[in-house]
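**Student:** Handing you a structure now.
The values are calculated or read from the model by the stated rules, or taken from the named source; none is laboratory data. The structure displayed is predicted, hence computed values, not measured ones. Here the Cβ is made from the backbone with ideal geometry for all residues, glycine too, and neighbour counts use every protein chain on show. Ligands, DNA and RNA are excluded from the accessible area calculation, which covers all protein heavy atoms including side chains. Shrake-Rupley method; radii C 1.70, N 1.55, O 1.52, S 1.80 Å.
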Amino acid sequence: MKYYIKLGLILLAVCALATGILAYLNSVTAPMIAEVKRVEAENARKEVMPDATDFVKKTMVDSSEVDTDLYFIAVNEAKEPIGYILTVALNGYSGVVKTVVGLKNDFSINKIKVIEQTETPGLGAKASTPAFAEKFVGMTLPQLMVKKDGGDIISITGATITTRTVTNSINAGIKRLEEVLKVEVTNG
Amino acid sequence: MDNMKVLTNGFIKENPVFILVLGMCPTLAVTSSVVNSLGMGLSTTFVLICSNIIVAMIKGFTPAKIRIPVFIVVIATFVTIVDMTMGAFMPALHKSLGLFIPLIVVNCVILGRAEAFASKNNVLSSTLDGISMGLGFTLALSLIGAIREVLGAGTLLGFAVLPKAYIESPMLVAILAPGAFITVGFLMAIINMMKKEK
């Protein structure tokens with residue numbers, strides 16, 4: 001009996017030591033990781049709205065910090081709003097595909113950038129290339145569907161599912177943003 | 001045991017991937033490019049060396065009955081250290097390896113060496129064994145990664161090495177999952193053939 005308690009205590013001591021070391025390291029690296037993520041998100045916003053000088057953070061759902069619930073109003077040097085920035089996500093062929101979308105004031109697309117995807121290399125993964133993002137420039141809501149579904153977006157060869165995922169996620173994102181803005185206008 | 005022998009064992013004679021056939025999960029999963037292979041190999045090497053040292057140090061007062069859980073706690077601690085520091089200092093690499101880093105915990109190369117070598121040998125030999133096995137693992141992963149990247153994407157370390165026409169429509173299968181099995185199979189066959197000729 002005593003022997004088994006001893007075993008348990010040794011295991012406890014080992015785990016406690018390991019936890020202590022990791023807790024310390026986490027307190028050092030956690031702010032750095034958060035900073036890296038913040039800079040990354042900031043860069044993505046700048047890329048889809050190169051003309052903007054500042055971004056005003058807004059949320060679609062009360063006090064939610066989930067990035068797909070947030071949107072940003074892009075403003076130029078004169079502090080005039082020149083558009084919106086959305087983060088949209090949807091399940092693709094093999095996992096979530098996340099896209100940052102820059103919209104002009106009339107809700108036409110300024111530029112998009114796929115920031116997260118785990119699609120098939122060589123096929124769906126081409127969604128991260130500038131050539132793919134190019135397809136979306138200037139598109140408006142009624143055009144935002146894959147050609148097969150009656151829209152204007154030409155699919156990547158061999159990766160219709162990925163193209164459709166990105167297109168539909170942007171489509172839904174714009175609709176949601178329009179809803180939110182409508183509510184805000186009527187409220188105030 | 002002869003330390004020099006321990007240090008060279010992992011490269012060819014007891015190569016963890018081609019001869020011992022340990023750690024196949026990361027080998028097959030991350031070797032789609034040389035950069036990923038190197039990142040995975042070196043992170044594994046770091047964890048392997050550290051866990052070998054600690055295991056060799058604590059082997060005297062770890063009761064045999066709970067040695068496996070203790071080894072796993074040691075390994076998991078170092079893996080988490082790698083995960084957090086990589087996230088903070090090398091975010092790009094962390095993004096492409098992110099999913100596989102926690103899997104180092106269950107990489108049987110590491111537990112295998114802790115159990116088969118470090119728990120029976122002194123700290124110095126265990127360190128050398130960690131270096132040798134780790135670098136042998138990295139070497140094997142990089143070799144597979146290089147073959148798959150050249151065939152599947154036409155690039156090496158991200159630089160184009162084959163004509164543009166090839167890069168536009170490469171042999172995709174090499175970079176997909178089946179390509180990993182095929183490449184590893186061919187490499188093992190070649191190594192077995194060379195061993196037989198000796």
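**Student:** When you go through A:D69, A:D62 one by one, which is the residue that is of a type in the set (D, E) and open to solvent by 70 Å² or more (accessible area, probe 1.4 Å)?
**Tutor:** Numbers: A:D69 fails: open to solvent by 70 Å² or more (accessible area, probe 1.4 Å).
Every option except A:D62 fails the conditions.
**Student:** Also, I was wondering about something else. Could you check how many residues of segment A:45-62 are assigned to a helix (DSSP H, G or I) and farther than 11 Å from A:L86 by Cα?
**Tutor:** Taking segment A:45-62 and keeping what is assigned to a helix (DSSP H, G or I), we get A:45-48.
From what's left, farther than 11 Å from A:L86 by Cα: A:46-47.
Of the residues in segment A:45-62, 2 are assigned to a helix (DSSP H, G or I) and farther than 11 Å from A:L86 by Cα.
Quick grid of which residues meet (1) modelled with pLDDT under 90; (2) under 21 Å from B:L38 (Cα atoms); (3) over 15 Å from the mean Cα position of the chain (by Cα):
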{"residue": "B:A116", "(1), (2), (3)": "yes, no, yes"}
{"residue": "B:G136", "(1), (2), (3)": "no, yes, no"}
{"residue": "B:I147", "(1), (2), (3)": "no, yes, yes"}
{"residue": "B:A153", "(1), (2), (3)": "yes, yes, yes"}
{"residue": "B:L157", "(1), (2), (3)": "yes, yes, yes"}
{"residue": "B:V161", "(1), (2), (3)": "yes, yes, yes"}
{"residue": "B:I167", "(1), (2), (3)": "yes, no, yes"}
{"residue": "B:M171", "(1), (2), (3)": "yes, no, yes"}
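**Student:** State the number of residues belonging to segment B:62-80 that are facing chain A (nearest Cβ under 8 Å) and either under 19 Å from A:N26 (Cα atoms) or out of contact with any Ser or Thr (no Cβ under 9 Å at 6 or more places or on another chain) (or both).
**Tutor:** Of all residues in segment B:62-80, those facing chain A (nearest Cβ under 8 Å) come to B:62-63, B:65-66, B:69-70, B:73-74, B:76-77, B:80.
Within this subset, residues satisfying the condition of being either under 19 Å from A:N26 (Cα atoms) or out of contact with any Ser or Thr (no Cβ under 9 Å at 6 or more places or on another chain) (or both) are B:63, B:65-66, B:69, B:73-74, B:76-77, B:80.
Qualifying residue count, segment B:62-80: 9.
**Student:** So, A:E65, is that one closer than 28 Å to B:M90 by Cβ and not in a helix (DSSP H, G or I) or not? Give the steps one after another, and end with the answer.
**Tutor:** Details: closer than 28 Å to B:M90 by Cβ: yes; not in a helix (DSSP H, G or I): yes.
Taking the combined requirement at face value, the residue satisfies it.
**Student:** Can you tell me which residue among B:V105, B:V150 is assigned to a helix (DSSP H, G or I) and farther than 19 Å from B:G23 by Cβ? Step through it out loud before you land on a result.
**Tutor:** Details: B:V105 fails: farther than 19 Å from B:G23 by Cβ.
So the residue among B:V105, B:V150 that is assigned to a helix (DSSP H, G or I) and farther than 19 Å from B:G23 by Cβ is B:V150.
**Student:** Only one residue in A:T186, A:T118, A:T157 is within 24 Å of A:I82 (Cβ to Cβ), at pLDDT below 85, hydroxyl-bearing (S, T, Y) and surrounded by fewer than 17 Cβ atoms within 10 Å (Cβ to Cβ). Which one?
**Tutor:** On the way: A:T118 fails: within 24 Å of A:I82 (Cβ to Cβ); A:T157 fails: within 24 Å of A:I82 (Cβ to Cβ).
Answer to the selection: A:T186.
**Student:** For B:V6, which of the numbered conditions (1) in a loop (DSSP other than H, G, I, E, B); (2) more than 15 Å from B:V106 (Cα to Cα) fails to hold?
**Tutor:** (1)
Table: residues versus (1) surrounded by fewer than 23 Cβ atoms within 10 Å (Cβ to Cβ); (2) touching a residue at least 40 places away in the same chain (Cβ under 8 Å); (3) under 30 Å from A:K126 (Cβ atoms).
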| position | (1), (2), (3) |
| --- | --- |
| B:M57 | yes, yes, no |
| B:I68 | yes, yes, no |
| B:V73 | yes, no, no |
| B:L111 | yes, yes, no |
| B:A116 | yes, no, no |
| B:G134 | no, yes, no |
| B:L141 | no, yes, yes |
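**Student:** What single numbered condition from (1) open to solvent by 30 Å² or more (accessible area, probe 1.4 Å); (2) more than 12 Å from chain A (Cβ to nearest Cβ); (3) touching a residue at least 24 places away in the same chain (Cβ under 8 Å) fails to hold for B:Y166?
**Tutor:** For B:Y166, the failing item is (3).
**Student:** Could I ask something else about it? Among the residues of segment B:81-103, is any at pLDDT 85 or above, within 26 Å of A:L22 (Cα to Cα), more than 10 Å from chain A (Cβ to nearest Cβ) and crowded, with 18+ Cβ neighbours inside 10 Å?
**Tutor:** Yes; the residues of segment B:81-103 include at least one that is at pLDDT 85 or above, within 26 Å of A:L22 (Cα to Cα), more than 10 Å from chain A (Cβ to nearest Cβ) and crowded, with 18+ Cβ neighbours inside 10 Å.
**Student:** Look at segment B:8-35 and say how many of its residues are under 20 Å from B:H94 (Cα atoms), out of contact with any Phe, Trp or Tyr (no Cβ under 7 Å at 6 or more places or on another chain) and surrounded by 22 or more Cβ atoms within 10 Å (Cβ to Cβ).
**Tutor:** The number of residues fulfilling the criteria is 5.
Listed here are the residues, each with its yes/no results for (1) buried (at least 20 other Cβ atoms within 10 Å of the Cβ); (2) free of Cβ contacts under 8 Å to residues at least 60 places away in the same chain; (3) assigned to a strand (DSSP E or B).
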position: A:Y84; (1), (2), (3): yes, no, yes
position: A:K98; (1), (2), (3): yes, yes, yes
position: A:A127; (1), (2), (3): yes, yes, no
position: A:G138; (1), (2), (3): no, yes, no
position: A:A172; (1), (2), (3): no, no, no
position: A:K175; (1), (2), (3): no, yes, no
position: A:E178; (1), (2), (3): no, no, no
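**Student:** State all residues of segment A:21-33 that are surrounded by fewer than 11 Cβ atoms within 10 Å (Cβ to Cβ) and closer than 19 Å to B:I54 by Cβ; if no residue qualifies, say none.
**Tutor:** A:A23, A:Y24
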